[in-house]
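Chemist: Before I ask anything, here is the structure I am working with.
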Amino acid sequence: SLEIKESFFPNVISNFANGFGYSWNLFYGSLTSYSLVIISLLTGNFINAYKIFVYICLFLSGITMYKFMHSLTKNNNASILASILYMTFPYHLTDLYIRNALGEYVSFVFIPLVFLGIYNLFYTDDKLKSPALTIGACGLILTHNISTVLVAFFAMLFVAINITKLNDKKIKKAFILNVVFIILLTALY
């Protein structure tokens, strides 16, 4: 939190590596870093801020998976089961408790949003009202690069399977607008 007080865009944590410093936004987007810094400024303790942040992310990942599954199935029980399974998958918990891979862990919040947005784009009438695709993709880009690449691959596969639906002008317009917004909102990274 010292870095955020001294500079609005801190690129180096001066306390790391025995005072030599380390660049925290070199390989991953800054969303996780700034979220932790803001919570630690509020709590006054980095460890408590970290715990609060990961539990917020765990809760939000369950909610986003519930929203996605409910959009697909329209079944509350199936959606609750999917969100509980998603939050307790061994890989998800391993990222939290063993690997401490914060960027990857936070990306679990945004993955269901990307697929919810794509599903809404192609299969519902809510083409321009749902910002899920833009929020999900921007969140992924600003948290974890590798997750972004993997999700982009499967999202492109989904679009390729549904390529004929892009002939609909509403869908094409919404798709292009989402891509433009994603590029504009993540250009800082």
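Chemist: Please go through the stretch 108-121 and pick out each residue that is more than 10 Å from the chain's Cα centre (by Cα) and either β-branched (Val, Ile, Thr) or open to solvent by 10 Å² or more (accessible area, probe 1.4 Å) (or both). Please lay out each step first, then the result.
Modeler: Initially, the stretch 108-121 is screened for residues more than 10 Å from the chain's Cα centre (by Cα), giving 115-121.
Matches in the stretch 108-121: 115, 116, 118, 119, 120.
Chemist: I'm trying to understand the selection: among the residues of the stretch 43-88, which are open to solvent by 80 Å² or more (accessible area, probe 1.4 Å) and touching a residue at least 40 places away in the same chain (Cβ under 8 Å)?
Modeler: Result: 46, 67.
Chemist: Name the single residue, out of those in the stretch 89-109 being of a type in the set (Val, Ile, Thr) and without any contact (Cβ under 8 Å) to a residue 60 or more places away in the chain, that is nearest to residue 150 (Cα to Cα).
Modeler: Ranking the qualifying residues of the stretch 89-109, first place goes to 109.
Chemist: Please determine, by comparing only the residues of the stretch 138-170 that are in contact with a Leu (Cβ under 8 Å, 6 or more places away or on another chain) and under 19 Å from residue 72 (Cα atoms), which one is surrounded by the fewest Cβ atoms within 10 Å (Cβ to Cβ).
Modeler: 159
Chemist: If a residue has to be closer than 18 Å to residue 131 by Cβ and either among the hydroxyl-bearing types (Ser, Thr, Tyr) or loosely packed, with under 12 Cβ neighbours inside 10 Å (or both) to count, how many in the stretch 171-188 make the cut?
Modeler: Adding up the residues that qualify gives 5.
Chemist: Residues of the stretch 89-107 being part of a helix (DSSP H, G or I) and either open to solvent by 30 Å² or more (accessible area, probe 1.4 Å) or of a type in the set (Gly, Ala, Ser) (or both), which ones?
Modeler: 90, 91, 93, 94, 97, 98, 99, 103, 107
Chemist: Among the listed residues 83, 71, 130, identify the single one that is touching a Leu at 6+ places or on another chain (Cβ under 8 Å) and over 16 Å from residue 178 (Cα atoms). Steps first, please.
Modeler: Working: 83 fails: touching a Leu at 6+ places or on another chain (Cβ under 8 Å); 130 fails: over 16 Å from residue 178 (Cα atoms).
Criteria check complete, one pass: 71.
The values are calculated or read from the model by the stated rules, or taken from the named source; none is laboratory data. As the structure is a computational prediction, the values presented were derived from the model and not from experiment. Cβ: placed from backbone, ideal geometry, glycine included. Neighbour counts: every protein chain shown. For accessibility, only protein heavy atoms count, side chains too; no ligands or nucleic acids. Shrake-Rupley method; radii C 1.70, N 1.55, O 1.52, S 1.80 Å.
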